Every structure is written in C-alpha cells, then in structure tokens.
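Every read-out reported here was derived from the displayed coordinates using simple, explicitly stated rules and does not represent laboratory data. Because the structure is predicted, anything quoted here is derived from the model rather than measured. Backbone-built Cβ (ideal geometry, glycine too); neighbour counts: all protein chains shown.
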C-alpha cells in the first residue's frame, strides 16, 4: 500500500503546496483511492503515474472547499478522458447535492455513473481488496476519518487442520487457498478457517480536519499508520483563536497514548515555510511533535510518497 | 492595458497549460479584471504579481467548467486573504445560482459582497476607468464576448474653444482638464466638450467559446485587439465532429474581413503540443491562421503577457 500526497496546505494553496488530496494505492495493480480533492488535485495527478481509469473511489472528509473544490473538475476530466466505469464517492450528504447542482448549472454530463455513499451514516464499504470504515471527528463541519484495511492478505493453507478434517489434497485445497468456500462431505467449509495469514492485514487511517484526536482511538486499533492534520503549533493555535484544528502537540500526545507506530502529518497552515530557517517553519511543527511522540514521524510534502510493506514497515519512497 | 494569460488549454489542463483564465490590467495602478476562471486559476495567480485586493471584477464567458470551476476557490482565497471590498461578477445567470449553492453546501461565508450582473441581458458596465460591453456568441451553452474600452484617455484642453467661449484661464480650466463639468455664466459646461483626446481609446475584445466569429463584427469596431479561441485546425474539426468551437481558418478569415490589427489565439485543444515538431503542434494552428490573416498574430501561452500602449501598438512583454 502506497500513500502519495497531492496537497499538504491548509485552506489556501501556496506556490509550493496545494490544498488537500491524498492518493492511496493498492498493493497490487494500479487501483487507487483519492482521499479529499481540493482545487487543483487533477493538476497534481498529471504529474504522477496515476490514471483516472484506475481510480476506484473518492472519499471526502468534510465539505470545506480546500477538501472538495477539485471534485467537479476531476470528474469532468475523467469523463473527457474516456472513463466509463462507475465511480463511488463516499462523502457527507452535502457533497452529493452540490455535485448535482454543479452538473446542472454547468451542463456537465458525465459518461459514467456516480455512486454516492453518505459518510454521515458512518458506513463500512467493501472494495475488491480493501475494506473501509468511517469514524466521526470534531470540526466546524461534520468531519470524518477513513480507515483502509486490506482484505486480501497472502496466506498459507493450514495443512494440519485440513488433514485433521480428512480433506483430501487436491482441487478442494486449491479452492480454499484461493479464498473460495467449498462443500465437503455435506458440510460448508469457510476458506478463512483453513488459511494462516502470512502477515497482519495492513491498515492506514486518514483523518479529516479534527480538533479531538481522542476520537480516533477505535480507528487506530491495529493501524500501522495515521495521517492527521497538524495545522498549527500550540502557540499559534492560542494566538489564532482558530477553532476546529489540531496543533502538533495535541496529535502527538494522542499518537503516543495509543502507541501508534507511524504518524504522518499534513494540512499545514500556509504560513509555515518549507525552509527550516524561516519563521514559522514546518520544522517548528516537527520539533513540537517529536517532544511528545516517540514513534516514527513523517511530515508530508506535495508529492511525498510512502509505502507500507507486508511486514508493516512504513517508509518514504525515494523520489525519482 | 496589459493582458496576462493564466490558462490556454481547452477542456482539461495539461502539464504545461491550465484551462481558461485571462487577467486584463488597467493602464494605471494595480486594478485588474479576470476573464474566465477555470480550475487552478488562483494557483496561476500565485505566480504573478496580481493581488486579489486589486481585482475589480470577474467576467465569465459561459458556464462550462473549464471556464468557471476556479470561481469558488478564488473567492474563498480572496476572503481568507482579507479582501473586504465588494466584487462584481458579470456572468450568465446560472453562475449566480451555482455559487450560492456552493456557498451553502460548503459553508463558505465570504467577508465581502458579490454583486452579480447577468450577462444574458447583454449589459454595459462602467468601472472607474473602463467601460465594458457584452456581445452574444454561438456555442453549446450561451456564450459571450466582453469588449473593454478605456474611459480615461489622456487629453489636452481645447484652448481655441475655451478662448472663443470667453472662459478665463484659471481654476475652471483646471477642473475641465481633470474631467469635471463646471458652471460658467449660468451655463453647464461638459468637460469632454473642451478636451482633445491625445489618442484613440484603447479597446480589447475577449471572446468566449464561439463557432461563429461573424457575431463579433460590431464588437470589433474600433478594437485594436481580439482574443478568441482556436480550439482546432480545420482538419481536426472535421474529424472531431465537435460542435461549438472555432478552428484557425475560421477565426482568421473573420479577422481579415474586419481588418483587425491584432489577433490573439488561445483555448487550444490539449492535443496540441507546444513543441513545434510534435504532431499535432500549435504551429499547425499558426500556419493555418497566417494563410488567411495578414494582421499581427499572437498565440498565447500560459503566462504570456501583452501590452497595448497609448498609440494602439500591441506587443508581447518579454518574460522576466
């Protein structure tokens, strides 16, 4: 599973950072999921190897513009690029109404169907090799986190159990290995009862804007990675009086409490410069986080790519 | 008056060209007008010296997404940047409804007022130093051209006329020179009756998508510059069977007929490469246009800037 950041700025784009958008690639094949779609996300995609044909679903964390204003354009471009396959959009209810109003007002007729799933109902959604759960967060608008868990984990046959059961080596073993349930001696045998997973399912949680990281306690169970906003430092939050966002220390303390192995921060206020000597610099956020969190910390930049391998090891992919 | 192209691609952005957006700068001061606002226009603006504080109005030629999907984001960013001054938006009626739906759905509360003017009524709009007329075009959606004429032309006093009238040299002359009407001997004297313009008012016409250039006959009277789409070559139009757009030869023939001094082409199909040796290349459009048009031809690229001086000379500004 790979994470590719398409935008890491909060609220407005800067010269070097776009607003929110994250591509989550499946471990096999070209399939990918888009989480949030700020304006200009399609432009960022042009500079990657991602194709709109292999986009499996779009997840919107909340209705604020820096997380969704790129939706009409990305859908229009996917249509002009010849996409025909239906596309699932998991988003707060307002997004469906807005996209319908947009299609109507701007004469946008998509050549593929949109299948909306309302995140306000905290849905669990199954894709071919991914299960996605929804979790409620705290923000000025209803905001959600999405937990992505792989469902097709490499597995070996449990030979001991098969032998005990008296199931003869042959086609039945093959079917069970491939994940199919089979009938044997009048009994229905479940594939997963006769398989031993080679590794723990990989799980990545991607959260929208949120000022109460504690709400992610359940979501983070079994997760190797949490992607969360760190819009400000603690000092800046107090000065700004801005509500609804997390600051570095707040999310760091939560990640430490749940012993999260890997924390990826994003959605930095546009005031933060990439230059470590500038003020304020995103180095300020790094320092504040590291003071309270002992796991592996990553600060996303636009086009940063990370990979989560089968053993649960998470690391940045070196740029080309 | 300066023209700065923020996007020159039709329909979808490419790696090197954004969708439609043109900044028209006034000859004095920092005031500017934005004509069309495709997705990512605000990102392009970040790479110029233009400020959202000095944006005087936005004109939308028609409702298709590649001409308007950048509106919500640019307004939101202007608001977050502290703009308080009201902003005029001249656009087809659908745009007002769509922006209202967008504000509602995405909780966008702008800290400045929007003043909508419906282009379907072919309005004439006056700004401090610019008069704008609207002209109907032909496209799949109602589409318009906007003619920008400067209203504050440098002028000398008509001394002969002032003397003939017996108006004494002094404060009255000063007021008339500055454009104020005055009272003299019980009579109301109009400033413009006692001024001799130093040059012809500058006029630039910027057209939306349009497959009938002849509709611009009236708009182009007295204009030094027409900005028009040339989405395809003639051959490509025939192959594509696409309706609603102009091809190079079509707009060239019109420009030749009206003896237009300067023609700027833009809105090229994303299939056209900038590389002159590629196929198709925007050189193909240049050649087809030059075969039918003897005036000065310009093919806009993203961030191309042109200036129209007081003498009506139009030229490209050398990049920095």
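Some notes on this structure:
- Antiparallel bridge percentage (DSSP; both residues within the protein assembly as shown; nearest 5): 55
- The stretch A:107-157, relative contact order in percent, only Cα pairs under 8 angstrom and at least six apart counted: 26
- Prolate/oblate/rounded call for the stretch A:250-309, Cα gyration tensor, a/c under 1.5 rounded: oblate
- Highest-MSF residue in chain A out of A:249, A:287, A:96 [GNM, Cα springs under 10 Å]: A:287
- Shielding by partners - mean other protein chain Cβ count within 10 Å, residues of B:88-98: 2
- Fewest-first ordering of A:119, A:315 by other beta carbons within 10 Å of each residue's beta carbon gives A:315, A:119.
- Its relative contact order, with pairs defined as Cα atoms under 8 Å and 6+ residues apart, puts chain A at 16 percent.
- Of the residues B:209, B:284, B:181, the one that moves most in a GNM of chain B with alpha-carbon contacts below 10 Å is B:181.
- Convex hull volume per residue in cubic angstrom - Cα atoms of the stretch A:155-196: 59
- For chain A, the mean residue ellipticity at 222 nm estimated from helices alone is -6000 deg cm²/dmol, where every DSSP H run of n ≥ 4 contributes -39500 (n - 2.57) and the total is divided by all residues, rounded to the nearest 500.
- Acute angle (nearest 10 degrees) that the helix A:93-105 long axis makes with the longest principal axis of chain A, alpha-carbon atoms: 70
- Max mean-square fluctuation residue, GNM over chain B, Cα-Cα springs under 10 Å, options B:46, B:265, B:189: B:189
- Taken over the alpha carbons of the protein assembly as shown as equal point scatterers, the Debye sum produces base-10 log I(q)/I(0) values at 0.10 Å⁻¹ of -0.95.
- Two numbers describe the Cα atoms of chain A: Rg and Dmax, which are 21.3, 72 Å.
- Antiparallel bridges, percent of DSSP beta bridges restricted to chain B (to nearest 5): 60
- Each other copy holds its own label point for residue B:218; taking that point as 7 Å from Cα along Cα to Cβ, the gaps run 6.5 nm, nearest first.
- Per-residue average of Cβ from other chains inside 10 Å of A:66-74: 5
- Principal-axis tilt of helix B:71-80 within chain B, Cα atoms, nearest 10 degrees: 60
- R0 of 60 Å, Cβ-Cβ distance residue A:151-residue B:187: FRET efficiency to nearest 0.05: 0.10
- Taking all Cα pairs closer than 8 Å and separated by 6 or more residues, the relative contact order of the stretch A:178-309 comes to 21 percent.
- As a rough footprinting exposure proxy, the listed residues B:12, A:243 were ranked by other beta carbons within 10 Å of their own, and the order from fewest upward is A:243, B:12.
- Taking Cα atoms only, the orientation of helix B:248-257 departs from the longest principal axis of chain B by about 30 degrees.
- Two-site FRET efficiency, residue B:281 against residue A:49, from Cβ-Cβ distance with R₀ of 30 Å, rounded to 0.05: 0.75
- Peptide A:55-63 has a mean of 1 when you count, residue by residue, the C-beta atoms of other protein chains within 10 Å of its C-beta.
- Whole-Å distance, taken between Cα centres, linking the stretch A:180-244 and the stretch A:15-82: 21
- Relative exposure of B:289, A:163, B:257, judged by other C-beta atoms within 10 Å (fewest first): A:163, B:257, B:289
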